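Reading through the structure tokens given below for one structure.
Derivation of every value follows stated rules applied to the coordinates shown; laboratory data play no part. No experiment lies behind these values; they were computed from the predicted model shown. Note that we place each Cβ from the backbone using ideal geometry, even for glycine, and neighbour counts take in every protein chain shown.
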Amino acid sequence: MSLRLTKYLAIFTAAALLAGCAAITGEEDTGAEGAAVIESAPSTEPTTTGMGTGTGYVGDPLDDPNSLLSTRVVYFDFDRSDVRPEDRKVLEAHARFLAEQPGAQVSLEGHADERGTREYNLALGERRANAVRSMMTLSGASGQQTRTVSYGEENPVDPSHNEAAWALNRRVEIIYLTR
């Protein structure tokens, strides 16, 4: 084949492909410049948007990194078991999710830093887990969907002996047992 014929075939093939794409959607509009604007056909794939994100995330809302549901650790101040105001929206989002998914269950695991006696820290971890459970129940989750457990100081995230480590260890982890 000659070089000229090969060029014409390439141009013809590209034009045919572009025309075929426009014919598939059946929606062609001309823009302000007179150029063809081709819209794609709507997807038939199911999509799930994380609660309050509007990101168009496809998949389980619990796995959406932009969703409040992706936050599954609530932190506490030293020697306190009251939920901080900045964590309330996270717990409300989890409660709404549980209310919408009656088969879902969570374990609320309370933790404390190493300061204090073992018994005191177990009780503090339990108070923290119960505070999270109460807030989630008040926000719509069923009491049957939540269980609490306290590990006290036994499972630190950071075993260091400084304020930064202690702050990470004062927490309640929200663990989904079933979705």
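Of note:
- Protection-proxy order for peptides 62-69, 80-87, each taking the mean of Cβ atoms within 10 Å per residue, highest first: 62-69, 80-87
- Charge dipole of the range 56-179 about the Cα centre (unit charges at C-beta), most positive-ward option of Gln145, Ala123, Val58: Gln145
- Neighbour net charge for Arg179 - beta-carbon separation under 15 angstrom, K R +1, D E -1: -2
- Rounded to whole numbers, the Karplus 3J(HN,Hα) couplings from phi for the range 68-81 are 4, 5, 6, 7, 10, 10, 10, 9, 10, 6, 4, 6, 10, 10 Hz, using 6.51 cos²θ - 1.76 cosθ + 1.60 with θ = phi - 60°, and x at Gly and Pro.
- With the highest mean first, a sort of the peptides 146-154, 171-179 on other beta-carbon atoms found within 10 angstrom per residue produces 146-154, 171-179.
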